[in-house]
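To keep things clear, I will list the structure first and then write my remarks on it.
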Amino acid sequence: MFKSANRARLAVIFALCLFFSSGWSAERLPARLSDEGFWKLITDFSEPGGSFVSDNFVSNELAVQDVLPNLTDGRQPGGVYLGVGPEQNFTYIAALKPKIAFVFDIRRQNLIEHLTYKALFEMSTDRADFLSRLFSRSRPADLGHDASAVVLFNAFQDISADQDLYQETFQGIKHRLSTDHRFILTTDDENAIGYILRAFYFGGPNLTYSGPRPPTRTILPTYEELMTDSDNNGKPRSFLATEENFLAVRQLEKENLIIPIVADFAGPTAIRSVGQYLKEHNATVTAFYVSNVEQYLFMSESWKKFYDNVASLPLDSKSVFIRPLIDIGAGTYTASPLFRSGFRWNTLLFPIQDLITAFDAGMIHNYYDIIQLPN
């Protein structure tokens, strides 16, 4: 009888160990998504695409890296990153080292740009190879793995775009996505890949938010400036600042763990679906980079639906919004980028739970209310 009771207790303990080890930790997030699983998340979670005022090929926000020391302080790798827009997400991802990342954008073109980046990361052995394909320019000689981003981009500045390399890269991207991964791309999607790659072909290191431009204009930051910038301690930390940063993002791309979603921030499906997926995998949002999307939502009542969506995400006290704002002096901020002269970017962190608490209490009425919350 005694032995029988002991066996029963041991069986219960063993069952509990199996239960907790298999189901109740953040390790339930996949170490890798299959191609089918990756594409299913994209198609199931995405909403109908919409339009925006710009192609938004690259970020228009300087000082993306300023916030990185504060962002990584006290936040462990292996969480969940959410974001919006193109390449600035890679810099945040390289710093936070999340287990999984979702990038929302109302434009399907942004999803296609991220799939283009995915293919380029997978096809490239290092940063120089990556930039050679991205800009359709021959790889400069004598670029070692320890080259700084400044050296890297200086080496590409005087190299002309190569039409043959563009065609080779374009076909390679389509083959990687459609044949290797078996993602179902429409003709419009393939045309969008060519359209995006042509912007990088013509713009090269001088490509900006709104498209190729002559290098003498100074209204918006160039791709080179964004990649060679540094944090507020003077340390370069873009995803192309070091080979280590590049490879960290590349590995997540190869594992299908940077997932672009077509999403209206105020829509009924995308953000809530991601939130449910994360809850099912016992995962918590570390950071949500929102750019200035909220400013557009406050032009209607859409902001209320967005904060309802955010409230459905799994959060904790360290979960933060990342908001790039324009510092116009005396502690006053705006989100509208105008001209570089006379203002500076200041990227700030805002606790998400504090925002939801204020929203539930009826304290939020306009965009100014949210950027005046403690950060």
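Coupling constants for region 263-270 follow from the phi torsions by the Karplus curve (6.51 cos²θ - 1.76 cosθ + 1.60, θ = phi - 60°), and in residue order they are 8, 8, 4, 9, x, x, 10, 4 Hz; glycine and proline get x. Helix 243-254 versus the longest principal axis of the chain: what angle, 0 to 90°, nearest 10, using Cα atoms? The two axes meet at around 60 degrees. GNM on the chain, alpha-carbon springs under 10 angstrom: the most fluctuating residue among V293, V80, V285 is V293.
Taking amide hydrogens as placed 1.01 Å from N in the peptide plane, the amide H of L325 sits under 5 Å from those of N346, T347, L348, each at least 5 positions away in sequence or on another chain.
In a reduced charge model with +1 at each Lys and Arg Cβ and -1 at each Asp and Glu Cβ, the chain shows a dipole moment near 1040 debye about its Cα centre.
Close amide H partners of A263, meaning residues 5 or more places away or on another chain with modelled amide H under 5 Å apart, are E47, D105, I106, R107. Phi angles across region 33-40 convert, under the Karplus curve 6.51 cos²θ - 1.76 cosθ + 1.60 with θ = phi - 60°, into 3J(HN,Hα) values of 9, 5, 4, 5, x, 4, 5, 5 Hz, Gly and Pro given as x. Under the combined filter of DSSP loop state and at most 12 neighbouring Cβ atoms within 10 Å, region 179-270 retains these trypsin sites (Lys or Arg not before Pro): R182, R217. Along the axis of the charge dipole computed for region 32-371 (Cβ charges of +1 for Lys and Arg, -1 for Asp and Glu, origin at the Cα centre), the listed residues V53, V293, V64 are led at the positive end by V293. Each residue of region 296-313 is assigned a 3J(HN,Hα), and the resulting list reads 6, 5, 6, 6, 9, 8, 4, 4, 5, 5, 4, 5, 4, 4, 4, 4, 7, 7 Hz, derived from the Karplus form 6.51 cos²θ - 1.76 cosθ + 1.60 (θ = phi - 60°), x at Gly and Pro. The order of V84, V150, going from fewest to most other C-beta atoms within 10 Å of their C-beta, is V150, V84. For the chain, the Stokes-Einstein estimate of translational diffusion at 37 °C and a viscosity of 0.692 mPa s comes to 150 µm²/s, using the Kirkwood hydrodynamic radius over alpha-carbon pairs.
Entry note, the chain: the mean residue ellipticity at 222 nm calculated from DSSP H runs of n ≥ 4, each adding -39500 (n - 2.57), is -13500 deg cm²/dmol after division by the residues and rounding to the nearest 500.
Among A94, A155, A263, whose mean-square fluctuation peaks in a Gaussian network model of the chain (Cα, cutoff 10 Å)? Top of the fluctuation ranking is A155. Largest GNM mean-square fluctuation among N309, N232, N110, using the chain with Cα springs under 10 Å: N232.
Extents of region 135-199, largest first, come to 38, 22, 17 Å (Cα atoms, principal axes, whole angstrom). For the residue pairs K254/K318; K118/K305; K97/K174; K40/K174, the C-alpha atoms sit more than 25 angstrom apart in K254/K318; K118/K305; K97/K174. Ranking Y367, G267, G78 by how far each Cα lies toward the positive end of the dipole of the chain (charges on Cβ) leaves G78 at the top. Checking every one of the GluC sites (Glu not before Pro) in region 193-290 against DSSP loop status and a limit of 10 other Cβ atoms within 10 Å picks out no site at all. In this simple spin-label model, placing a label point 7 Å from the Cα along the Cα-to-Cβ direction at both S230 and S160 gives a separation of 3.6 nm. Candidates L315, Q163, F135 compared by Cα position along the dipole of the chain: farthest toward the positive end lies L315, with charges placed on Cβ.
Since every read-out is calculated from the coordinates, none of them should be taken as a lab result. The structure displayed is predicted, hence computed values, not measured ones. Positions of Cβ are generated from backbone atoms using ideal geometry, with glycine treated the same way; all protein chains shown enter the neighbour counts.
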